[in-house]
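Okay, structure first, notes after.
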Amino acid sequence: MTAVPTTDANLDEIRGGALAALENVTNPTEADAWERTYLGAKGELTAFLRRLGSLPADDRPAAGRAANALKQELTAAYETRSQHLAAADLERRLAEDAIDITLPGREPALGVVHPVSRMIEELSDIFALMGFQTVFGPEVETGRYNFDLLNIPSDHPARDVWDTIIVESDREEIVLRTHTSPMQARTMEQTEPPVRVVVPGRVYRYEAQDASHEWMFHQLEGLAVDTNITMADLKGVLRELARQLFGPERRIRFRCDFFPFVEPGVDFAVDCAICNGQGCRVCKHSGWLEMGGAGMVHPKVLQGVGYDPKRYTGFAFGLGVERMVMMKEGVGDVRAFAGNDLRFLRQFARFAV
Ligand code: FA5
């Protein structure tokens, strides 16, 4: 407890003590405590002023002036010290919170377009230039569209060519479509010739997986029906596709194949762009890369949708989309596409949206 001062000598003591204590104040909390001790309502100086009345009358004015002068001096000293402390405090906090603005920012992780989706867009663009409209169809199909209208009756052995995932077989046969060809009949049923469409989409087969076979993959169907459509049109369209995708030097090859919904039927291949048809690992040393099946629409298919096969002819083809990406990008295993491995997908970062 500080003794209650009563004379000028006490003022000197207060002054000395206060200024010395102020020197030791190191933060705003201590500064507040100092202010209360020396200048506050219960502080030493106020106590001194209250005591003035007990001084002899002659001494009072001088003591009062001296006390007020000291109050001003201490207030000024307190303010200076407080400002100094506040500035030091600000500097300390700035130093603590410092951010290095020269550090490069963290780039947000952007998604990329899946290579299969990218290929579908590319194929749609190429076919659009040749007058084909892109349409989409259901992945869950009836046996009627997946098989019957494609000239594959229930008792026909060709129905077993595809290992079908059957959703329901009691009343009506419901399947996951095994190919995009059901959209041939669906499209023709909805429109009159001329027809020119491509149909990209997922297809499903109950198949053992290996490097070139998936149980879920994508196809792109093509269909053109009009008067006077010939095999030469099919050849011209597929050759243009191969050149747009793989470069102007490319040649295509047709070989006989059987699909119940086309006659004649072919499989078609493009000469390998990597070895220029000489034979390499990618084309399994054959010089050719298989792209899909094709042919002239079977008259029974045209009849089934109410088109007159004597008046109209057409061609159709079905491409494996994953295989196209594999050929173009040198991907060795079809399972990579649905494998969800970001290391694989990030290689296609150039397809950023
Ligand atoms: C068909 O699916 C016929 N619908 C194609 C067609 C359409 C022929 C129109 C005539 C007229 P295919 O089963 O061969 O045919 O399959 C076509 C392409 O799909 C194949 O060439 C291949 O590229 C791809 N493909 C087939 N099975 C798989 C599989 N399990 N995994 C990945 N791609 C496959």
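For this structure, a couple of remarks:
- Note on the chain: with a GNM built from Cα contacts shorter than 10 Å, the maximum mean-square fluctuation among HIS84, HIS213, HIS114 falls on HIS84.
- As a calculated quantity, the FRET efficiency between GLU263 and GLU329 at R0 = 51 Å, using C-beta atoms, amounts to about 0.90.
- Surface per residue (accessible, 1.4 Å probe) for the stretch 46-147, Å²: 67
- Between ASP341 and GLU172, the distance separating the two model label sites (each 7 Å from Cα on the Cα→Cβ line) works out to 4.2 nm.
- For the chain, the dipole from Cβ point charges (+1 on Lys and Arg, -1 on Asp and Glu) about the Cα centre works out to 740 debye, to the nearest 20.
- What you get for the stretch 7-96, charging only the Cβ of Lys and Arg (+1) and of Asp and Glu (-1), is a dipole of about 320 debye around the Cα centre.
- Prolate is the label for the chain, because a/c, from the alpha-carbon gyration tensor with a ≥ b ≥ c as root eigenvalues, is 1.5 or above and a/b exceeds b/c.
- The listed residues LYS235, LYS310 rank as LYS310, LYS235 when sorted by accessible area, largest first, using a 1.4 Å probe.
- Only one residue of PRO138, ALA232, ALA57 has its Cα farthest out toward the positive end of the dipole of the chain, where Lys and Arg carry +1 and Asp and Glu -1 on Cβ, and that residue is ALA232.
- Leading residue at positive end of dipole, the chain (Cβ point charges), from CYS272, VAL197, SER154: CYS272
- Straight-distance candidates among the aspartates and glutamates for linking to LYS71, with alpha-carbon spacing under 15 Å and chain neighbours fewer than 8 residues away dropped: ASP8, ASP12, GLU13, GLU35, GLU44, GLU79.
- Cα gyration tensor shape for the stretch 236-289, rounded if a/c is under 1.5, else prolate or oblate: oblate
- Listed by chain and number, the aspartates and glutamates whose alpha-carbon sits under 18 Å from that of LYS235, ignoring those within fewer than 8 places in the same chain, are GLU221, ASP226, GLU249, ASP257, GLU263, ASP267, ASP271, GLU290.
- Per the chain, cysteines lacking a partner by the 4.7 Å Cβ criterion: CYS256
- Helical runs assigned H by DSSP (4 residues or longer) give the chain a calculated mean residue ellipticity at 222 nm of -12000 deg cm²/dmol, each run adding -39500 (n - 2.57) before division by the residue total.
- Helix 28-38 axis, angle to the chain major axis (alpha carbon atoms, nearest 10°): 20
- Rounded accessible area of THR178 (nearest 10 Å², 1.4 Å probe): 0
- Only the Cβ atoms of Lys and Arg (+1) and of Asp and Glu (-1) were treated as charged; on that basis the dipole of the stretch 302-353 about its Cα centre amounts to roughly 120 debye.
- For the stretch 166-214 versus the stretch 33-107, the gap between their alpha-carbon centres in whole angstrom: 86
- Taken over the C-alpha atoms, the stretch 7-96 has Rg and Dmax values of 15.5, 58 angstrom.
- Share of carbon and sulfur in the accessible heavy-atom surface of the chain [1.4 Å probe, %]: 51
- Approximate spin-label separation ALA21-MET130, in nm, with each point projected 7 Å along Cα-to-Cβ: 9.6
- Loop-located chymotrypsin sites (Phe, Trp or Tyr not before Pro) in the stretch 37-139 (DSSP state other than H, G, I, E, B) with a sparse environment of at most 14 neighbouring Cβ atoms within 10 Å: PHE136.
- In terms of its C-alpha gyration tensor, the stretch 130-283 has an oblate overall shape, because the principal axis ratio a/c (a ≥ b ≥ c, square roots of the eigenvalues) is not below 1.5 and a/b does not outweigh b/c.
- For the stretch 125-133, 3J(HN,Hα) per residue [Karplus equation, 6.51 cos²θ - 1.76 cosθ + 1.60, θ = phi - 60°, Hz, x = Gly/Pro]: 5, 4, 6, 4, 5, 9, x, 9, 8
- Between ARG65 and GLU13, the contour length at 0.36 nm per residue exceeds the Cα-Cα span by 17.1 nm.
- Relative contact order (%) - the chain, alpha-carbon pairs under 8 angstrom, separation at least six: 15
The values are calculated or read from the model by the stated rules, or taken from the named source; none is laboratory data. All figures in this text were calculated on a predicted structure; none of them were measured in a lab. Methodologically, a virtual Cβ is constructed for each residue, glycine included, from the backbone with ideal geometry; neighbour enumeration extends over all protein chains shown. Surface accessibility is based on the protein's heavy atoms, side chains included, excluding ligands, DNA and RNA. Shrake-Rupley method; radii C 1.70, N 1.55, O 1.52, S 1.80 Å.
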